[in-house]
Amino acid sequence: MTSLEQLAKQLTRLPGIGPKSASRLAYHLIKSDPQYNKQLAELIASIQDLVFPCPICGSFTETDPCPVCADPNRDRSVLCVVEQPQDVVTIAASGAYDGLFHVLGGALSPLEGIGPDKLDFARLLQRIEKESFHEVIIATNPTEEGDTTAMYLRHLLKGKKLTISRLASGLPIGGDLEYADRLTLARSLRGRVDFAD
Amino acid sequence: MRFRSLGFHYFRNLADSMVPTDAEHVVLVGNNGQGKTNFLEALYVLCYGSSFRASNAKDMCRHGKREFSLSAIVALDDGTNQQILFRFGEGKREIRIDGKEIRDRRDLIYNVPCIVFSHDDIEFIRGTPESKRKFFDQTMSMYDPLFFDDLRRYRSVLRQRNAAIKDGYASLIPVYDVQLAKLGMAIQKRRAEEVVKFNELFVKLYQAVSQTDERMYIAYKPSWGDCTTEEEARDKLSRTLERDLRMQTTASGIHRDQFIVMQDTANFASSGSTGQMRLASLIFRIAQVHSYRKNTGKEPILLVDDVLLELDIRKRGLFLSLLEGYSQAFFTFLPEETYFSKVSGQDGLTYAVEDGTFQVP
């Protein structure tokens, strides 16, 4: 196997990269500025040393604790529980949330061997015991696995003096009903909310 | 809605070609093994993304090939044309509508609805409980996306619950019970409603085609028949957990429901003759066509594969008179069969099928 083929083969291991894209990327790298290739290679080699999970919330960080956990201006009475570190970035970027986060590291799926022991529930419960949260927002994905994880967490938190909430789901904002797909509309109808004064 | 043309590349024994199909009735005439059913299968794959007979897309590649593609131009009800493309290769399938990739099969199945009449339909009458559930689930899924989605979620939760049972994740089982009970009772309620509506049609259609006053109907026996609410279903699941743990699977739920075809008070699967069952299975499909049209106001495309052969001339006429309310129909015939004037009339196209090629005779 030539070095070019080897590079392409390694690139196909990245998510979303098929053999054709990998080969295109490999050819692109051959023709790129050598300085760029060097920087890219160094960054890839050192990324795992530079970035690590925050020991408090589990999101990726280069400082201990992470900037969110360390920020004195954030609302320390609300905790948002998410599946993946990327979800922290997404929710923080919405600008609509200024509380703290906790990353579970996935969603429950016994089919894939992911039971409660594989997710970070233990540290979450410790945090809830020690810190003074009033509300826990469960922001797992609206998939079956995400729903299961949310319901399991609700079960774990039963009896604690906390408001537990789950992200709303339904129609996209700014869209006409006319363009909503039938299933989204049907689900939104089933999950309709009280609108009384 | 109508297929205007259908194209193949490396698909089964069909020669790489583009075949015009712009007619209300398209008739394929040929001996067995020439490619008639393959043609219908290609249409079905473009409608639903999977085959009605091959469980693996790989099996649809031409002998010695590892890829195939299908394409069609469909005239939509609003007068515009749509292009559907299905490509299989490197173990993956790709579906595009007007160039846009369809990632979830859900977005395909409501695009061009088709109903296939085939020999295997007799399994809906005499086959396993699973094949009967399949028929009714398909009938409802065709017009009710929420039912289809509930069913898909139920199956997914069921697989997780079974995995939790096998792997000893006992703390997760109550969570799965809540989800199964909720989805399952919604499905059970819809199935019960559908059977009532289906029986209204089926009883009359069977009497009309068989020209008897035999009362044939479907008896629905839900696995959770003693439950009327989600809470009761959940209680039932937790009461029977010990048995589930022993059997290493979820032994009750809507995946164990039964649809029994009854002839007055007898189970038709054991009392009926093969001819009667064949006829009943055709009427199942006719009822499916009626149900689809009644619930959506739209007319489906029919793929009628060799099923008329088994009916005598009189029943064939009655069957065809009840077969109405479709936008386009494809029929297959053997050369010696005398087919009927309805399809060779004004808006009809006939092809002689030989060794994977389609010629106008």
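Note on chain A: helix-only mean residue ellipticity at 222 nm, from DSSP H runs of 4+ residues weighted -39500 (n - 2.57) and normalised by residue number, equals -12500 deg cm²/dmol. When the Gaussian network model of chain A links Cα atoms closer than 10 Å, the mean-square fluctuations of A:Leu177, A:Leu119, A:Leu157 top out at A:Leu177.
Under 8 Å for C-alpha pairs, at least 6 residues apart: give me the relative contact order for segment A:53-166, rounded to a whole percent. Before the final figure, lay out each step's value.
Working: 164 pairs, mean separation 28.4, N = 114.
Dividing the mean separation by the residue count of segment A:53-166 yields 25 percent.
As a rough footprinting exposure proxy, the listed residues A:His155, B:His63 were ranked by other beta carbons within 10 Å of their own, and the order from fewest upward is B:His63, A:His155. With the simple model of a label 7 Å out from the Cα in the direction of the Cβ, B:Ile260 to A:Ala196 spans 4.6 nm. All distinct Cα pairs of the protein assembly as shown go into the 1/r average, and the inverse of that average, the Kirkwood radius, is 27.7 Å.
Which GluC sites (Glu not before Pro) in segment A:129-164 sit in a loop by DSSP (not H, G, I, E or B) and have at most 15 other Cβ atoms within 10 Å of their own Cβ? Display every interim value, and only then the final one.
Working: sites: A:Glu129, A:Glu131, A:Glu135, A:Glu144, A:Glu145; in loops: A:Glu131.
When the GluC sites (Glu not before Pro) of segment A:129-164 are filtered for loop state and at most 15 Cβ neighbours within 10 Å, A:Glu131 remain.
Couplings for segment A:161-171, taken from phi via the Karplus curve 6.51 cos²θ - 1.76 cosθ + 1.60 with θ = phi - 60°, read 7, 8, 8, 10, 10, 10, 4, 6, 9, x, 5 Hz in order; Gly and Pro are left as x. Sparse packing (at most 13 other Cβ atoms within 10 Å of the Cβ) combined with a DSSP loop state is found for the following GluC sites (Glu not before Pro) in segment B:49-111: B:Glu90. Straight Cα distances below 18 angstrom link A:Lys20 to the lysines A:Lys9, A:Lys31, B:Lys92, with same-chain residues fewer than 8 positions distant left out. Three semi-axes describe the equivalent ellipsoid of chain B; taken as square roots of 5 times the Cα gyration tensor eigenvalues and ordered largest first, they are 37, 27, 18 Å. Using only Cα atoms, tell me the angle between helix A:19-31 and the longest principal axis of chain A; keep it within 0 to 90° and round to the nearest 10. Tilt relative to chain A: about 60 degrees.
Rounded to whole numbers, the Karplus 3J(HN,Hα) couplings from phi for segment B:274-285 are 4, x, 5, 5, 4, 4, 4, 5, 5, 6, 3, 5 Hz, using 6.51 cos²θ - 1.76 cosθ + 1.60 with θ = phi - 60°, and x at Gly and Pro. Ignoring aspartates and glutamates fewer than eight residues from A:Lys161 along the same chain, the ones with Cα atoms less than 16 angstrom from its Cα are A:Glu129, A:Glu131, A:Glu135. Among A:Arg127, A:Arg166, A:Arg24, which one shows the biggest mean-square fluctuation in a GNM of chain A, springs joining Cα atoms closer than 10 Å? Per the Cα network of chain A with a 10 Å cutoff, A:Arg24 tops the list.
Beyond 20 Å between alpha-carbons counts as too far, so tell me which of B:Lys197/B:Lys221; A:Lys130/A:Lys160; B:Lys166/B:Lys221; B:Lys197/B:Lys298; B:Lys134/B:Lys197 fall in that bin. As for pairs spanning more than 20 Å Cα to Cα, those are B:Lys166/B:Lys221.
Above 19 Å lies some portion of the pair distances; for segment A:53-166, what is it as a whole percent of all C-alpha pairs?
Every Cα pair in segment A:53-166 considered, those over 19 Å come to 41 percent.
Percent of C-alpha pairs per 10 Å bin in segment B:121-296, short distances first: 10, 35, 30, 18, 7, 1.
Each residue of segment B:5-19 was assigned a 3J(HN,Hα) from its phi angle through the Karplus curve 6.51 cos²θ - 1.76 cosθ + 1.60 (θ = phi - 60°); the sequence is 7, 9, x, 10, 9, 6, 9, 6, 8, 7, 5, 4, 6, 10, 10 Hz, with glycine and proline shown as x. Looking at segment B:37-154, what % of the alpha carbon pairs are farther apart than 25 Å? In whole percent, the share of Cα-Cα pairs in segment B:37-154 beyond 25 Å is 29.
Computed from the coordinates by the stated procedures, all read-outs in this text should not be read as laboratory data. Just so it is clear, the model here is predicted, and its values are computed rather than measured. A quick note on method: Cβ atoms are made from the backbone with ideal geometry, for glycine too, and the neighbour counts reach across all protein chains shown.
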